[in-house]
Amino acid sequence: MKKFGLFYTDEYLKYSLGPLHPMNPKRIAASISLLNYTLRDQDEFALIAPNTVDPSVLEIAHSVEYIETMKKLSNPETNSSSELRDKGIADYGIGTSDCPVFDHMAEVAELIVGSTLKAGEEIMKGTFSKTFVMLAGLHHASRERASGFCYYNDINVTIHRLKKLHPGTKILYVDTDLHAGDGVNYEFFRDPEVLTFSIHESGKYLFPGNCFSNEVGLKEGEGYAINFPTFPFTYDELYVELLENYLPPITESYNPDLIIWQAGVDGHADDPLGHLMLTTETYSKLGLLIAKLGEQMDTPKVLSLGGGGYNPISVAKSWFAEINSLAGVDQLKVAPNEWIDKCRNELDIEMPKNLLDEPIQMHKKEKDEILDETEDLKAEFEKNLSPYWSF
Ligand SMILES: [Zn+2]
C-alpha cells in the first residue's frame with residue numbers, strides 16, 4: 001500500500017490573487033514540478049487528484065450569506081456591480097488588497113476545501129496514514145470574513161465534517177505557519193474535541209495580531225487552545241526546541257485520533273512577509289517530529305496542509321524537506337537539472353542547486369537577545385497553560 005497521498009491538481013494554479021500579490025501560483029508550480037521529478041515514481045507516494053465540494057457543505061463553517069456573496073463576486077457577469085463590491089468589502093472582507101475579488105474565485109476556493117476534505121476522508125478510511133495537500137490550510141478565514149489571502153476555511157469545514165461523520169474523534173490541529181492560525185483557533189475555542197496548537201511570530205509584530213498564550217479557550221474548551229507567540233528573528237535551534245519541549249507531552253496527554261498539520265513555510269528566513277530566521281533544517285525536523293507523533297497514535301493519521309510561504313524558492317525547498325521527512329524517505333540534496341531548467345524557462349526563477357540551506361550565521365549578541373526575550377515568552381506560556389497541561 002502507498003502510505004503517503006500527495007493531493008494536487010493544476011487547477012490550483014488558478015488561485016492567483018494578482019500579479020503583485022504574494023499568493024502567486026509560481027510557488028505551487030515550482031513545488032509540484034520538484035515533486036514530480038523526484039517523488040512521483042517512489043513506492044511510498046501516490047499522487048491524487050482532489051474533488052471539489054458541493055457549496056452546501058460549506059455551510060457547516062460559513063454563513064449562507066457569505067457563501068452567496070462569494071458566488072456573486074466570483075461570477076464575471078455579476079461581479080462588476082459597485083454595490084455588490086462595496087458590500088463585499090464592508091460586510092465580508094472580500095475585495096481588500098489581501099483578499100481581492102477575482103473571476104471564478106468561489107470555484108477554486110471550493111476546490112481547496114474539497115481537497116482537504118477528501119484527504120481527511122481518505123485518512124479516516126485508512127487509505128493513507130499521511131497526506132499532504134499542497135494548496136490548503138487557509139487558516140485565517142472565519143464564518144463571515146475573508147482574511148489573510150483566505151476565503152473559505154478548508155480546515156474548519158473538514159474538522160466539522162469529519163466530526164459529524166466520525167463522532168467522538170479527537171483532533172489535534174498543529175499550526176506551524178509563520179502566522180497565527182486564528183480562524184481555526186477561534187472556531188473551536190469552546191470545543192474540547194479539537195485541540196489547537198499554534199506557534200507563530202507574535203501578533204505584537206505581525207498579522208493577524210492575535211492568538212497570545214493567555215487565549216486558552218472558553219467554557220468546555222478551556223485549556224484546548226494553545227498559542228505560542230514567538231519573538232521575531234527566532235532561529236532554527238530555538239524554534240525546534242520550543243516545539244520539542246511542548247508539543248510531544250501535550251500530544252501524549254491528549255491522545256488524538258487525528259493530527260491535522262498546517263505546515264506553512266513562511267517562517268523561512270527568505271520569505272518576504274515575516275521576520276523568523278528558519279531554514280530547511282527546521283522544516284525537515286518538523287516533518288520528523290510530526291511523523292513521530294503520528295507513529296505514537298494507535299492508528300497513525302496525519303493530514304498535512306501546505307499553508308503559507310511566498311518566496312517560490314524557499315517554498316519549494318521547505319515543502320520538499322517537510323514532505324520527505326514526514327514520509328520518512330531520504331531526501332535528495334541536489335536539485336535535478338531538469339527542474340532547474342524548467343523553473344528558469346517557464347517561471348523565470350533561478351533555483352539553487354542545493355535543496356538544503358546552509359545554517360544562517362547570527363551574532364552571539366543578537367542570539368542572546370532573542371533567547372532572553374524567548375525566556376520571558378516561555379515563562380508566560382507556562383504560567384498560562386500549566387493549569388491544563390504538564391510539560
Ligand atoms: Zn502564513
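Among L278, L288, L258, which is within 16 Å of the ligand (Cβ to nearest atom) and either modelled with pLDDT of 95 or more or closer than 21 Å to H166 by Cβ (or both)?
After applying the criteria, what remains is L278.
Using the structure shown, decide if T96 is crowded, with 17+ Cβ neighbours inside 10 Å and of a type in the set (V, I, T).
no
Here's the yes/no breakdown for (1) in contact with a strand residue (DSSP E or B) (Cβ under 6 Å, 6 or more places away or on another chain); (2) more than 16 Å from the ligand (Cβ to nearest atom):
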| residue | (1), (2) |
| --- | --- |
| S314 | yes, no |
| E322 | no, no |
| G328 | no, yes |
| L356 | no, yes |
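So, W339, is that one modelled with pLDDT of 95 or more, away from the ligand (no atom under 16 Å from the Cβ) and aromatic (F, W, Y) or not?
yes
Could you run through the stretch 344-367 and say how many residues are surrounded by 11 or more Cβ atoms within 10 Å (Cβ to Cβ) and within 30 Å of F197 (Cβ to Cβ)?
7
Is there a residue in the stretch 358-376 that is part of a helix (DSSP H, G or I) and in contact with a strand residue (DSSP E or B) (Cβ under 6 Å, 6 or more places away or on another chain)?
No, the conditions are met nowhere in the stretch 358-376.
Kindly check whether there is at least one residue in the stretch 18-29 that is loosely packed, with under 14 Cβ neighbours inside 10 Å and at positive phi.
yes
Please verify whether the stretch 189-202 includes one or more residues that are surrounded by fewer than 19 Cβ atoms within 10 Å (Cβ to Cβ), within 14 Å of the ligand (Cβ to nearest atom) and among the hydroxyl-bearing types (S, T, Y).
no
Within the stretch 236-282, take every residue that is more than 19 Å from the chain's Cα centre (by Cα) and hydrophobic (A, V, I, L, M, F, W, C) and give me the one that is nearest to H139 (Cα to Cα).
Once the filter is applied, the top-ranked residue is I250.
The values are calculated or read from the model by the stated rules, or taken from the named source; none is laboratory data. Source: prediction; values computed, not measured. When we count neighbours, we look across all protein chains shown, and the Cβ atoms used for this are built from the backbone with ideal geometry, even at glycine.
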